[in-house]
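Structure, as structure tokens:
Each reported figure results from applying straightforward, stated rules to the coordinates on display, with no laboratory input. Computed from a prediction, not measured in an experiment: that's the story for all the values here. All Cβ positions, even for glycine, are placed from backbone atoms using ideal geometry, and neighbour counts span all protein chains on display.
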Ligand code: MN
């Protein structure tokens, strides 16, 4: 079995090494991971810059490569350049922090796994939910049990499993649970500070989190001590909206009936509408 491993916390992350170590018990491991942390980069691919690939001197579990790109770049380059063929499985993680609820839309960990699914390889994104120091080593028996089942039963092509593991300090381990995506919200605070040259900068990424307490969701399961497994697919199509949008099909070209006015840019230039 060939297993490609990536992450979004970067090539030096502890969670990546732990995942590669356990994965190497099940097959031939190749690691292709971002040179630097790319958390929150989602499924971005690099189109306007060169990508630099460096082979590392690895002391464990297969061949290791650092790429100056995103997790999705790593999976694409990993499959089509490093391996030169499709692996049997792509693993992404273990992320330092949760990927619960709408996190899956922002997550580079999930983005890398999603690229695998698009390339026709089943994949798993793994994340560790934790309050203090991250006990990646302690999670090995759980990752091992999960990967044993994945390799035994196989996964549907086109399917991504998003796995969130609570650390023991969140709740004592209760088992594995198949879940739906929950609803979880970060606070909207924006930190405004001054840089050393006196220019203002903004910092986003709310730290306070609230969530709907639904035991069937990923959020609810993790809170109760379950390792949450949520099936995810790239299909973002909304069939329920089709009928309500039919009115757009009756649109015909429309001449502008009036000027839309003038705009003043931040530099003071006046931008006029075409009609003026
Ligand atoms: Mn991350």
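Key figures for this structure:
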{"item": "Whichever residue in the stretch 18-38 is surrounded by fewer than 21 Cβ atoms within 10 Å (Cβ to Cβ) and part of a loop (DSSP other than H, G, I, E, B) and, among such residues, is nearest to the ligand (Cβ to nearest atom)", "result": "37"}
{"item": "Condition met for residue 49 (away from the ligand (no atom under 16 Å from the Cβ) and either assigned to a loop (DSSP other than H, G, I, E, B) or within 25 Å of residue 103 (Cβ to Cβ) (or both))", "result": "yes"}
{"item": "Tally of residues being within 16 Å of the ligand (Cβ to nearest atom), surrounded by fewer than 24 Cβ atoms within 10 Å (Cβ to Cβ) and outside any helix (DSSP H, G or I) across the stretch 100-120", "result": "2"}
{"item": "Answer from 69, 15 - the residue that is outside any strand (DSSP E or B), without any contact (Cβ under 8 Å) to a residue 40 or more places away in the chain and either more than 16 Å from the ligand (Cβ to nearest atom) or crowded, with 18+ Cβ neighbours inside 10 Å (or both)", "result": "69"}
{"item": "Lone unmet requirement of (1) within 16 Å of the ligand (Cβ to nearest atom); (2) touching a strand residue (DSSP E or B) at 6+ places or on another chain (Cβ under 8 Å); (3) part of a loop (DSSP other than H, G, I, E, B) for residue 61", "result": "(1)"}
{"item": "Residues within the stretch 121-149 that are closer than 30 Å to residue 80 by Cβ and surrounded by 21 or more Cβ atoms within 10 Å (Cβ to Cβ), tallied", "result": "10"}
{"item": "Verdict on residue 87 being more than 15 Å from the ligand (Cβ to nearest atom), in a loop (DSSP other than H, G, I, E, B) and buried (at least 21 other Cβ atoms within 10 Å of the Cβ)", "result": "yes"}
